[in-house]
Structures are given as structure tokens and as C-alpha cells.
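The values are calculated or read from the model by the stated rules, or taken from the named source; none is laboratory data. Everything numeric here is computed off the predicted structure, so don't read it as measured data. With ideal geometry, Cβ positions are generated from the backbone for all residues, glycine too; neighbour counts draw on all protein chains shown. For accessibility, only protein heavy atoms count, side chains too; no ligands or nucleic acids. Shrake-Rupley method; radii C 1.70, N 1.55, O 1.52, S 1.80 Å.
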Amino acid sequence: MKLFRHFFMTMLTLAVCTGFVACGDDDDETDEPGGGNNPSQGTTTTPDNLIGVWEFSYEDEDGEDGSMTITFKHNGICTLNFDDESVGFGSCTTSGSSLKLDFGIMTFNGSYSLQGNKLHYDFIWHDLDYPDEDMRMVCDFVKTSSNPGFEPDKVTSDIVGIWSNGEHTLSFLSNGLMKYVQHPNTHLDHIEVYMCYAIDGNRLKLRTPLNNNWDENESFGRNTTFSVSGNTLIITAGNAEGYPESMKLTRVK
């Protein structure tokens with residue numbers, strides 16, 4: 001995440017000096033607003049005109065070139081990259097001209113408009129590691145590809161829902177996106193991260209943007225399985241020594 005931290009601090013420095021960060025040209029043209037499927041509420045179906053890869057190129061305070069890339073996938077899923085470093089999967093919610101991107105560690109929340117291959121995005125950047133340093137950014141992204149790349153299948157399993165044991169909350173969404181939250185306390189750090197997941201019988205398979213294939217070893221452990229009984233979810237996986245360990249969670253929603 002070193003490249004991302006460098007980008008954040010660069011933009012933060014500019015924001016302190018200017019009041020907000022203007023990324024690209026902010027001209028007087030009237031753009032058509034983007035839109036969700038239902039203007040009265042957020043949608044998990046990404047608007048067709050957003051699907052694809054959008055890139056913003058910038059120059060930092062040291063004169064070095066860099067880029068921020070957002071890839072919009074179907075069903076409200078997106079990814080974020082800084083140069084060649086992946087931040088991860090995220091959730092995309094639209095409502096009329098409003099656009100919110102939630103990547104766990106950070107959120108972008110604002111309004112957008114589209115004109116040809118140009119995406120104009122005026123948003124507030126909130127970061128978990130800098131909770132008191134929200135930034136307003138106004139960025140013009142250019143579409144570089146209409147190919148959204150990997151997209152997970154929708155899930156109809158009983159695992160879909162929000163589960164928690166007080167220290168950990170797992171939200172399994174029907175679009176194949178899973179959000180993991182580790183709640184901070186005396187011995188746990190605050191962690192929020194998205195992954196994609198798939199169900200194969202009683203097996204739980206997970207994937208991050210860093211892996212080209214489904215990865216069953218890095219997130220929960222080897223040979224991850226699950227069972228749902230009423231409002232109880234039990235996830236079992238092999239630890240580093242190969243012994244099974246289980247996490248028991250209760251359905252919240």
C-alpha cells in the first residue's frame with residue numbers, strides 16, 4: 001500500500017493549500033448526469049455507461065507521473081488501483097447522479113457525470129487511517145477500456161446476509177462480494193476489506209484482485225468449508241499447521 005499512501009499524502013498536501021483538489025480540467029461544459037436504475041434509491045446494478053476501466057493521470061509534488069484507475073464491473077462491484085498497486089475490490093452504489101465507492105479502507109462519496117469517454121467525479125475521500133482529514137476531490141477520468149475483467153457469479157446460498165460474533169462481521173452479498181470487518185478493541189486493529197467469494201457445495205472460495213485464481217489459503221485458511229443452521233454460521237478452515245479452526249457467527253440481517 002506504499003504507493004497509495006504516497007498518493008494520499010500528495011493529494012492531502014494539495015488539498016490543504018487549495019481547499020480542494022482539482023484533478024484534470026473543470027470546464028464549463030454541461031455533462032449528462034450518470035444514473036442508477038432507480039433514482040430514488042441506490043442500486044447494486046452498475047449503470048451500463050460506467051462499465052469498464054477509467055484512469056486519472058497525475059503528477060505528484062516531486063514531478064513523478066502516477067495514475068489512479070477505477071474499474072466498474074456489473075452488479076455494483078468495482079476495483080481501485082494506484083499505478084500497478086491494487087487497493088482491492090469495492091462496492092459501487094449509484095442513485096441518480098450520486099456515486100459512492102466503498103473499498104473498505106476508504107470511501108469516495110459524491111456526484112458524477114459522463115460525456116463521451118470522460119467521467120467527471122466530484123467526491124469526498126474518507127480514509128480509515130486518516131479519519132479527521134477528509135478531502136474534496138474533483139477528478140476527470142478517461143475511459144481506457146470497456147472490458148470490466150473478472151466478474152464473480154451471483155450467489156443464492158443461505159450464506160448470503162450479515163453475520164457477526166462481536167469481533168468480526170462478514171457481509172456476504174448476493175452479487176458475489178463479501179465485506180470483512182474486524183472491529184477494533186484492546187487487542188484487535190480496525191480492518192475493513194472486500195473480497196469476492198463463490199460457493200461450491202459446502203466449500204467457501206475467496207478471491208482478491210491480487211490473485212488470478214480463487215485463493216483458499218490466504219484469507220481464512222486451507223480447505224475452507226461452512227455450514228448454516230438457522231441463524232448460525234460456522235466457517236472452518238485449516239490453520240498454518242493444518243489443524244481445523246472454526247469461527248462461529250450469528251446472523252445480524
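Numbers at a glance
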| quantity | calculated |
| --- | --- |
| Test: residue in segment 124-134 that is among the aliphatic types (A, V, I, L, M), touching a residue at least 60 places away in the same chain (Cβ under 8 Å) and open to solvent by less than 20 Å² (accessible area, probe 1.4 Å) | no |
| All positions within segment 82-104 that are out of contact with any Leu (no Cβ under 7 Å at 6 or more places or on another chain) and farther than 20 Å from residue 180 by Cβ | 84, 94, 95, 96, 97, 98, 99 |
| Qualifying strands (runs of 3 or more DSSP E) (wholly inside segment 107-211; at least 3 residues being farther than 18 Å from residue 70 by Cα) | 130-145, 161-164, 168-172, 177-182, 191-200, 203-207 |
| Those strands (runs of 3 or more DSSP E) lying entirely in segment 20-92 with at least 3 residues of a type outside the set (A, V, I, L, M, F, W, C) and at pLDDT below 95 | 52-59, 65-73 |
| Whichever residue in segment 168-179 is closer than 17 Å to residue 128 by Cβ and surrounded by fewer than 18 Cβ atoms within 10 Å (Cβ to Cβ) and, among such residues, is farthest from the chain's Cα centre (by Cα) | 168 |
| Hits in segment 136-167 (condition: within 14 Å of residue 206 (Cα to Cα) and open to solvent by 60 Å² or more (accessible area, probe 1.4 Å)) | 151, 153, 154 |
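For every residue, the table says whether it meets (1) open to solvent by less than 90 Å² (accessible area, probe 1.4 Å); (2) at pLDDT 90 or above.
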| residue | (1), (2) |
| --- | --- |
| 182 | yes, yes |
| 188 | yes, no |
| 207 | yes, no |
| 212 | no, no |
| 221 | yes, no |
| 230 | yes, yes |
| 239 | yes, no |
